[in-house]
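> Mind looking over this structure? Questions follow.
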Amino acid sequence: MAVTLLQHPLGGTALDSVLAKIDLALDEIVARLTTPLDVAAANSAGDATRSEWIEMDVSDEWGSLQSEFVARGWSDGLLMAPPTAARVAAMVAGCGLPPEQVIGELAPRLGVATVERIATNAVMAGCRPEHMPVLIAAVQIMADPAFFLKNIQATTHPVTPLLIVSGPLAKTLNVNSGSGAFGPGPWSNGALGRAIRLLMLNIGGGRPGEIDKATLGHPGKYTYCIAENEAALPAGWPTLRAERGFAPEVSTVTMFGGEAPHNINDHESTTAGGMLTTITGSIAQIGQNSIECVAEMLLVLSPEHAATIAGDGFTKDDVRRAIYDDARVPMHRFAQKNIERRLWRLLPQRYRDRPLDTMVVMVQRPEDVIVVVAGGEGKHSMYLPGYGATRALTRPVLRPDGSPWN
């Protein structure tokens, strides 16, 4: 893949400035477009399915070896378990697939994610062999063009994939869905989420500061993984995997490209109407990507908030409709340039030639709101604004013979 980098910034600059930057890079652009790609050289750079093992001194595995990992660009900055041949082989055995089997290509580098390479990063992240089936399903999602990993890896937006485990496997693997689900603890969440980051780094090539251009990022870019608290779902509310067409005995992995969680605090409301007023008021903020494109949003309801809403007979679809209808702000809250260059240009059918008191929606469609129940005791929920150029995808976690892995 041929790439030419333009001088930053581009966003929010005048057209003449952008064109001047293109002019400066024009010779390089032409050269790259007219020079044949050396496919053999690209393959030898690491995209073949066969892994290259490197002999390294592990006698000081918590000292000089860690420095070597950092120097080679393999590290997320935290200590990593050395991926010895024995450890990788044990990890591979956890999924029942041959080590050379290709699961997918990860953008933007288009690195080939074989079972063995996934296992290598899983070892470094601190995973156990039984985690491999979840990581295989997650890589299948990240390799899907609809997930748009290329954009997630390279944007200035603080987007990162959130891994949501649903079904019996969440309990089997001890993936936390209760109190502190987004935080630290003696669960599998940290290792699984970290493995996703290392896969994006070492196979996908998303090196911070080079390809990953997040202006600030957020802590979820280290590790971002929760489980759905199915035991706390109100009666009649479907699980996430059921909404996405999977049977009760099938565990699934869903990946959502989003921001850090934003807290929603409501200790006082005792009705669905009051609770939804707080939720929609919290969500109605103007600095979100979903305002200007067909982006998804994730609402993570705590069990107590979900029970209050469902207690008045409200369904998940009612929650989605309330957010679409009521989480809105008047157009005059936006700066004029944002109105002209975002709302008018990207969504002219909604906003061009409309009065400034026109209400601007936070999501373009009710179905773009994903509702999950997670967390423990307490009257706090969270919402995660989406990125835009990505869709949340779900994959079943299956054995090689196609049966559910629970």
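> Lys pairs in the chain, Cα-Cα under 19 Å, at least 8 apart or on separate chains: how many? Write out the running numbers ahead of the final one.
Working: Lys21/Lys213; Lys150/Lys213; Lys150/Lys221; Lys213/Lys221; Lys316/Lys379.
Lysine pair count for the chain: 5.
> For the peptides 21-32, 277-288, what is the packing order when you average, over each peptide's residues, the other Cβ atoms within 10 Å and list the highest mean first?
On the way: 21-32: 12.2, 277-288: 17.0.
Going by the mean number of other Cβ atoms within 10 Å, highest first, we get 277-288, 21-32.
> Nearest-5 percent of antiparallel DSSP beta bridges in the chain?
Expressed as a percentage, antiparallel bridges in the chain total about 75.
> At a Förster distance of 45 Å, what's the computed FRET efficiency of Leu6 paired with Ala89, Cβ-Cβ distance as r, to 0.05? Don't skip to the answer; put the middle values down first.
On the way: r = 44 Å, r/R0 = 0.98.
FRET efficiency, Leu6 to Ala89: 0.50.
> Here is a further query. Ordered by packing density, taken as the mean number of other Cβ atoms within 10 Å over each peptide's residues, highest first, how do 179-186, 360-367 rank?
360-367, 179-186
> Also: What is the dipole size for the chain, taken about its Cα centre, with +1 at each Lys and Arg Cβ and -1 at each Asp and Glu Cβ, in debye to the nearest 20?
Using only the charged Cβ atoms, the result is roughly 600 debye.
> Going by amide H atoms built from the backbone, whose H comes under 5 Å of the H on Glu105, apart from near neighbours?
Here Ala113 satisfy the definition.
> Relative to the Cα centre, what is the charge dipole magnitude of the stretch 203-309, using +1 at the beta carbon of each Lys and Arg, -1 at the beta carbon of each Asp and Glu, and rounding to the nearest 20 debye?
280
> In what sequence, highest mean first, do 158-170, 227-239, 126-138 appear when ranked by Cβ atoms within 10 angstrom?
Packing order, densest peptide first, comes out as 158-170, 126-138, 227-239.
> What shape does the stretch 60-228 have by the C-alpha gyration tensor, where a ≥ b ≥ c are the square roots of the eigenvalues, rounded means a/c under 1.5, and otherwise prolate means a/b greater than b/c and oblate the rest? Don't skip to the end; give the middle numbers.
On the way: a/c = 1.19, a/b = 1.05, b/c = 1.13.
In terms of gyration-tensor shape, rounded.
> Relative to the present Cα-Cα distance, how much length would full extension add between Thr34 and Arg350 at 0.36 nm per residue of separation?
Answer, rounded to one decimal: 109.6 nm.
Bear in mind that the values in this text are calculations on the coordinates, not laboratory data. The structure displayed is predicted, hence computed values, not measured ones. Ideal geometry is used to build each Cβ from the backbone, glycine not excepted, and the neighbour counts take in all protein chains shown.
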